[in-house]
Amino acid sequence: MTKSVEDKDLERHRAKMAKRKELQDAQVAGKTVEKGLLIVHTGTGKGKSTAAFGLALRMIGRGKRVGIVQFVKGAWHTAERDALEKFGDQVAWYSMGEGFTWETQDLSRDIAAAERAWAKAVELMDDPSFSLVILDELNIALRYDYLPVDEVIATLKARRPDLHVIVTGRNAKPGLIEAADLVTDMTLVKHHFAAGVKAQAGIEY
């Protein structure tokens, strides 16, 4: 059943929305800078990499190329990789991690894997054919000091002006947060793991 609305309420709403549109249009008109963004997805909540892959799809939809380097999850086979690689040359995906540090239990091996992944990341960032580069779980490599934080941040800041970069993973370093243009902290409110629900295809991988 449709709720009836009095004429005075309609007019009040119209005036309110017209004022809001005026303010919104003025705000949008004042934004004139176009540049490559350094985006950080961090926090304890689920969805950091998932959100990055969503932006990858948006970029692909615009006809752009996307490069993806995985620093930790390389030991996993993910469905999102299968899906994105169906776009052919628009996507270059490199899984270069060997699993989480508690799985490898080998510090030298972890550092070597992170260094190889970072070298590939730099290569992709230097390639002008890529519009977006996703550095998945780079924050984990930085957290465990597998890579020199200051050097990584300096390289990210010195990237070409039109390149968008997304860095994912918990515990983003303060220097990276300061250097970023956009930071999203995904907060854990509730997680099904706590109720004994295992990782499931199509949700976790």
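Expressed as a whole number of Å, what is the distance separating the alpha-carbon centroids of segment 113-159 and segment 181-205?
With segment 181-205 and segment 113-159 each reduced to a Cα centre, they are spaced 24 Å.
Just the ratio, please: alpha-carbon radius of gyration of segment 140-205 over 2.2 N^0.38 Å, N its number of residues.
Dividing the Cα radius of gyration by 2.2 N^0.38 Å gives 1.45.
For Leu57, Leu37, Leu132, give me the order by solvent-accessible area with a 1.4 Å probe, most accessible first, ignoring ligands, DNA and RNA. The partial results should precede the final answer.
On the way: Leu57 90, Leu37 60, Leu132 5 Å².
Solvent-accessible surface, decreasing: Leu57, Leu37, Leu132.
As a check on your grasp of the helix formula, calculate [θ] at 222 nm for the chain: sum -39500 (n - 2.57) over DSSP H runs of n ≥ 4, divide by the residue count, round to the nearest 500.
-13000 deg cm²/dmol
If the only charges are +1 at each Lys and Arg Cβ and -1 at each Asp and Glu Cβ, what is the size of the charge dipole of segment 33-187 around the Cα centre, to the nearest 20 debye? Let's see the in-between values first.
Values: 19 positive and 22 negative charges, 93 e Å.
In total the dipole reaches around 440 debye.
Which lysines does Lys16 reach when only Cα atoms under 24 Å apart count, and residues fewer than 8 places away in its own chain are ignored?
The reachable lysines, counting only those whose Cα sits under 24 Å from Lys16, are Lys3, Lys8, Lys31.
Pull out a ≥ b ≥ c, the square roots of the eigenvalues of the alpha-carbon gyration tensor of segment 33-187, then state rounded if a/c is under 1.5, prolate if not and a/b is larger than b/c, and oblate in the remaining case. If you can, show how the numbers build up before the last one.
Numbers: a/c = 1.44, a/b = 1.19, b/c = 1.21.
Note, shape of segment 33-187 comes out rounded.
Could you do me a favour and compute the accessible area per residue for segment 42-164, 1.4 Å probe, result in Å²?
48
Can you tell me which of 158-170, 82-94, 192-204 comes out highest on packing, and rank the rest after it, using the mean Cβ neighbours within 10 Å?
Taking the mean over residues of other Cβ atoms within 10 Å, the ranking is 158-170, 82-94, 192-204.
How big is the dipole moment of segment 107-205 about its Cα centre under a simple scheme where the beta carbon of each Lys and Arg is +1, that of each Asp and Glu is -1, and everything else is neutral? Debye, nearest 20, please.
The calculation lands at about 340 debye.
Among Lys19/Lys46; Lys46/Lys157; Lys157/Lys198; Lys48/Lys86; Lys35/Lys173; Lys48/Lys198, which pairs are too far apart, with a Cα-Cα distance over 29 Å?
Over 29 Å Cα-Cα: Lys19/Lys46; Lys157/Lys198.
Working from Cα positions, state the angle (0 to 90°, nearest 10) between the long axis of helix 48-61 and the longest principal axis of the chain.
For 48-61 against the chain, the angle is about 70 degrees.
The values are calculated or read from the model by the stated rules, or taken from the named source; none is laboratory data. Predicted, not measured: the structure shown is a model, and the values here were computed from it. When we count neighbours, we look across all protein chains shown, and the Cβ atoms used for this are built from the backbone with ideal geometry, even at glycine. All accessible areas refer to the heavy atoms of the entire protein, side chains included, with ligands and DNA or RNA removed. Shrake-Rupley method; radii C 1.70, N 1.55, O 1.52, S 1.80 Å.
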